[in-house]
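See structure below.
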Amino acid sequence: MPTRTPKPTPTRPANAGRVLVSGGAGFIGSHLVERLVDRGDRVCVVDDLSTGAEANLARVRDRIDFIGQDLALALSGDLAGERFGQIYHLAAAVGVELVMNEPVRAIETNVDLTAQVLRFSANTNTPTLIASSSEVYGKPGKELFSEEDDVLYGPTSVTRWSYACSKAIDEYLALAYAREGRVPAVVCRFFNTIGPRQLGDYGMVVPRFVRAALAGEPLRVYGDGSQSRCFCDVRDVTELLPRLLGEPTAAGRVFNVGSDTPITIMQLAELVIDTLKSDSTITTVAYSDAYPGGFEDLRHRRPDLTRVRDAVGFESVTPLVQTIMDIAASVRQGASLEAEGGA
């Protein structure tokens, strides 16, 4: 069975000072916080715990400052006037199901918070990483997505595209601040980041499949399963982020972040069952039965990684099978802790 070889932790910049991570108790955020702490940063995490969990930070909890509060309140309150060496803005509405069921919350969270973070960063011209999404590409009618591609969205009556538009506004804001010389901002478009601590509660396909396989329940594949995605381990992603934000030539630019190896969702379901030696079966579910009205799927989504490779030499190295096993271990550990708590 393939094993994951940890990458060396990046050297902490000499003038980094404190680092702020919004959404740092979430899935990607908590892995990033661990990496930053391990390289010697003094990290301040702000998370309202709406989709994150303080337990995700258990390994480093005594070595960070944690503010369990809405980010807007923290920026105007506890953090007002503070200076940071770097800012990573990961707080956002996440997951297809949350976006479809709570579109107002998703739009306001993404746009309002990013605007406030950038204003805060502009006070001290702090290098800031803005987390974006491959959803920004909309439905361009091609399989390989490059950062300078035109984008095409569906009508405003289709709720799915509200998320894409909100993240696009985030990018416009970040790039405008960079062009005006007010914030050396870096934008990262994440493509299907997966790994331990990711929840299936918001429509995330891999943890949803893993939970079903461990329980011996059918894996529900939406549509016919021929749609494809590229999945990248969160530990590969969070190894990259400090390198990108620390690279001077990355400021004011957008980068695809992920793997460029596609797999169909049906193949993914089969791989999860095979990897976990599960007796589960696979069932297909029509999109109309899985989501409320206003959903539209993309057939394929694969990033062109030329730009990020040229900038910092990035490659995803963790095999998908290993990530599936690690997600399963995380799910089992969570179930064990819940059982102990309820005993």
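The values are calculated or read from the model by the stated rules, or taken from the named source; none is laboratory data. None of these values were measured; they are calculated from a predicted model. No Cβ is skipped: glycine too gets one built from the backbone with ideal geometry, and neighbour counts run over all protein chains shown.
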Please find, within region 13-26, the residue that is modelled with the highest pLDDT out of those that are touching a strand residue (DSSP E or B) at 6+ places or on another chain (Cβ under 9 Å) and surrounded by fewer than 24 Cβ atoms within 10 Å (Cβ to Cβ).
18
Within region 265-284, residues part of a loop (DSSP other than H, G, I, E, B) and in contact with a strand residue (DSSP E or B) (Cβ under 7 Å, 6 or more places away or on another chain) come out as 280
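Could you pull out the residue among 220, 197, 182 that is farther than 16 Å from residue 132 by Cα, buried (at least 20 other Cβ atoms within 10 Å of the Cβ), in contact with a helix residue (DSSP H, G or I) (Cβ under 8 Å, 6 or more places away or on another chain) and of a type in the set (Lys, Arg)?
On the way: 220 fails: buried (at least 20 other Cβ atoms within 10 Å of the Cβ); 182 fails: buried (at least 20 other Cβ atoms within 10 Å of the Cβ).
When all the criteria are applied, what remains is 197.
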Pair list, Cβ < 6 Å and 6+ apart or interchain, from region 212-240 residues that are closer than 22 Å to residue 300 by Cα and among the aliphatic types (A, V, I, L, M) to residues that are assigned to a loop (DSSP other than H, G, I, E, B) and at pLDDT 95 or above
219/280; 234/195
Could you tell me whether any residue of region 96-112 is within 13 Å of residue 21 (Cα to Cα) and either modelled with pLDDT of 95 or more or within 20 Å of the chain's Cα centre (by Cα) (or both)?
no
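Among 79, 32, which is the only one that is at pLDDT 95 or above and closer than 13 Å to residue 242 by Cα? Working first, answer last.
Values: 79 fails: closer than 13 Å to residue 242 by Cα.
So the residue among 79, 32 that is at pLDDT 95 or above and closer than 13 Å to residue 242 by Cα is 32.
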Among the residues of region 221-238, the number that are acidic (Asp, Glu) and out of contact with any Pro (no Cβ under 9 Å at 6 or more places or on another chain) is 2
Identify all residues within region 115-158 that are farther than 17 Å from residue 172 by Cα and of a type in the set (S, T, N, Q); write none if there are none.
123, 124, 125, 126, 156, 157
Report yes if some residue within region 138-157 is in contact (Cβ under 8 Å) with a residue 12 or more places away in the chain, in contact with a Pro (Cβ under 9 Å, 6 or more places away or on another chain) and assigned to a helix (DSSP H, G or I); otherwise report no.
no
Test: residue in region 290-308 that is modelled with pLDDT of 95 or more and either assigned to a loop (DSSP other than H, G, I, E, B) or surrounded by fewer than 12 Cβ atoms within 10 Å (Cβ to Cβ) (or both)
yes
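Please enumerate the residues belonging to region 158-189 that are among the hydrophobic types (A, V, I, L, M, F, W, C), part of a helix (DSSP H, G or I) and closer than 21 Å to residue 240 by Cβ.
174, 175, 178
How about region 128-180: which of its residues are among the aromatic types (Phe, Trp, Tyr) and under 24 Å from residue 262 (Cα atoms)?
137, 145, 153, 161, 163
Hey, does region 189-198 have a residue that's of a type in the set (Val, Ile, Thr), at pLDDT below 95 and out of contact with any strand residue (DSSP E or B) (no Cβ under 6 Å at 6 or more places or on another chain)?
Applying the first criterion (of a type in the set (Val, Ile, Thr)) to region 189-198 yields 193-194.
Next, only the ones that are at pLDDT below 95 stay: none.
No, the conditions are met nowhere in region 189-198.
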Could you grab me the full set of residues in region 111-137 that are touching a residue at least 12 places away in the same chain (Cβ under 8 Å), surrounded by fewer than 16 Cβ atoms within 10 Å (Cβ to Cβ) and assigned to a loop (DSSP other than H, G, I, E, B)?
124, 125
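Being within 19 Å of residue 192 (Cβ to Cβ) and surrounded by 14 or more Cβ atoms within 10 Å (Cβ to Cβ) is the filter here; which residues of region 268-289 pass it?
Filtering region 268-289 down to residues within 19 Å of residue 192 (Cβ to Cβ) leaves 268-272, 275, 287.
Hits for region 268-289 are 268, 269, 270, 271, 272, 275.
For the subset of region 50-68 comprising residues that are buried (at least 16 other Cβ atoms within 10 Å of the Cβ), modelled with pLDDT under 95 and not β-branched (Val, Ile, Thr), which member is farthest from residue 87 (Cα to Cα)?
Step one: filter region 50-68 for residues buried (at least 16 other Cβ atoms within 10 Å of the Cβ), giving 51-53, 56-57, 60, 64, 66-67.
Among the residues that remain, those that are also modelled with pLDDT under 95 are: 51-53.
Filter again for not β-branched (Val, Ile, Thr), leaving 52-53.
Working: 52: 18, 53: 20 Å.
Taking the candidates together, the pick is 53.
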